[in-house]
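The values are calculated or read from the model by the stated rules, or taken from the named source; none is laboratory data. Because the structure is a prediction, the values reported are computed rather than measured. Cβ atoms come from the backbone with ideal geometry, glycine included; neighbour counts cover every protein chain shown. Protein only, heavy atoms only, side chains kept; ligands, DNA and RNA dropped before computing areas. Shrake-Rupley method; radii C 1.70, N 1.55, O 1.52, S 1.80 Å.
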Amino acid sequence: KQEVTQIPAALSVPEGENLVLNCSFTDSAIYNLQWFRQDPGKGLTSLLLIQSSQREQTSGRLNASLDKSSGRSTLYIAASQPGDSATYLCAVRPIQGAQKLVFGQGTRLTINP
Amino acid sequence: EAGVAQSPRYKIIEKRQSVAFWCNPISGHATLYWYQQILGQGPKLLIQFQNNGVVDDSQLPKDRFSAERLKGVDSTLKIQPAKLEDSAVYLCASSLTGLTGFNEQFFGPGTRLTVL
C-alpha cells in the first residue's frame, strides 16, 4: 500500500529565505508526483507535476525534484514571500491498483515579514 | 477556461440530517473525483467516475454516502444520515481522462461541512 509522508508538518521562516519542503513515498511504481498549494478554506491549486521519467520541474521561484528510486521529492521555494504562506501537499499516482492520487498530510508554511 | 465549480461552499447541519453537494467539472473532462479532507490531513479519494460509470468507490462509506453522475457531466454527493466524523472539506476534481495515469487533476474550491 502506497504511503506518502511530508516532513515537517509545519515550518516558519523569515521572508526572503530559500526553503525546501520534503515528501517521501513508499512505492516507487508511480506515474507521476504532483505538488499542490492549499490556502485556508480553499481548494487545491496544482503547482508542479513531475512525470515518472522526469527528474525535476520548474515554475517561477518553485523547483520540484523527483528521485523515484529513493522515493523522495523536494519542493524548493526561492526568495520566499509572505504570499507563499499556505499548506503544501504532495501526491503520487501509483501504477498499481486503482491509480488514485495518494496524498501526504501536508506542510503548513508561514513566511514572516 | 472555467474551473471546477462546487456548491454550496459551506454547510452546517446537525447529526442524522442529510446533505448534498454538487460539482460541475471542467468542460470535456471525462473523469470526476470526490475527495474528503479532514482537518490536518491530506485529501482521501471517496469515488472516481469515468464518464457516468464508477471506476473506484472502495473508500466510500456506502451505508451513508452515495454519489451519482447520471449524464456524465455534473455530479452530486449525498450523505444520509450525517455523523459528527463527516465534518470535513469535500473536494471535487476532474481530469481529461483517468485511464492512463498521466492526466493532471484540477480541483474545485471545496465544500466545508460542519456536523453538529
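Yes/no per residue for (1) in contact with a Ser or Thr (Cβ under 6 Å, 6 or more places away or on another chain); (2) free of Cβ contacts under 8 Å to residues at least 24 places away in the same chain:
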site	(1), (2)
A:Ala29	no, no
A:Ala64	no, no
A:Ser85	yes, no
A:Lys100	no, yes
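Give the number of residues within region B:1-37 that are part of a loop (DSSP other than H, G, I, E, B) and among the aromatic types (Phe, Trp, Tyr).
Qualifying residue count for the region: 0.
Out of region A:3-27, which residues are more than 17 Å from A:Leu109 (Cβ to Cβ) and touching a Ser or Thr at 6+ places or on another chain (Cβ under 6 Å)?
Taking region A:3-27 as the starting set, the residues that turn out to be more than 17 Å from A:Leu109 (Cβ to Cβ) are A:3-4, A:24-27.
Correct list: A:Glu3, A:Ser24.
Can you tell me which residue within region A:100-113, out of those that are within 21 Å of B:Ser95 (Cβ to Cβ) and in contact with an Asp or Glu (Cβ under 8 Å, 6 or more places away or on another chain), is modelled with the highest pLDDT?
Restricting to residues being within 21 Å of B:Ser95 (Cβ to Cβ) and in contact with an Asp or Glu (Cβ under 8 Å, 6 or more places away or on another chain), the top hit is A:Val102.
Which count do you get for residues in region A:20-36 that are assigned to a strand (DSSP E or B), at pLDDT below 95 and not β-branched (Val, Ile, Thr)? I'd like the intermediate steps shown before the answer.
Initially, region A:20-36 is screened for residues assigned to a strand (DSSP E or B), giving A:20-25, A:30-36.
From what's left, at pLDDT below 95: A:30-34.
Still in the list and also not β-branched (Val, Ile, Thr): A:31-34.
So the answer is 4.
Let's see how each residue does on (1) among the acidic types (Asp, Glu); (2) over 23 Å from A:Gly106 (Cα atoms); (3) more than 14 Å from chain A (Cβ to nearest Cβ); (4) out of contact with any Leu (no Cβ under 9 Å at 6 or more places or on another chain):
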{"residue": "B:Leu45", "(1), (2), (3), (4)": "no, no, no, no"}
{"residue": "B:Lys62", "(1), (2), (3), (4)": "no, yes, yes, yes"}
{"residue": "B:Ser66", "(1), (2), (3), (4)": "no, yes, yes, no"}
{"residue": "B:Pro81", "(1), (2), (3), (4)": "no, yes, yes, yes"}
{"residue": "B:Leu84", "(1), (2), (3), (4)": "no, yes, yes, no"}
{"residue": "B:Glu104", "(1), (2), (3), (4)": "yes, no, no, no"}
{"residue": "B:Phe107", "(1), (2), (3), (4)": "no, no, no, no"}
{"residue": "B:Gly110", "(1), (2), (3), (4)": "no, no, no, no"}
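State all residues of region B:24-65 that are open to solvent by 60 Å² or more (accessible area, probe 1.4 Å) and at negative phi; if no residue qualifies, say none.
Hits for region B:24-65 are B:Ser27, B:Leu39, B:Gln41, B:Lys44, B:Asn52, B:Val54, B:Val55, B:Ser58, B:Gln59, B:Lys62, B:Asp63.
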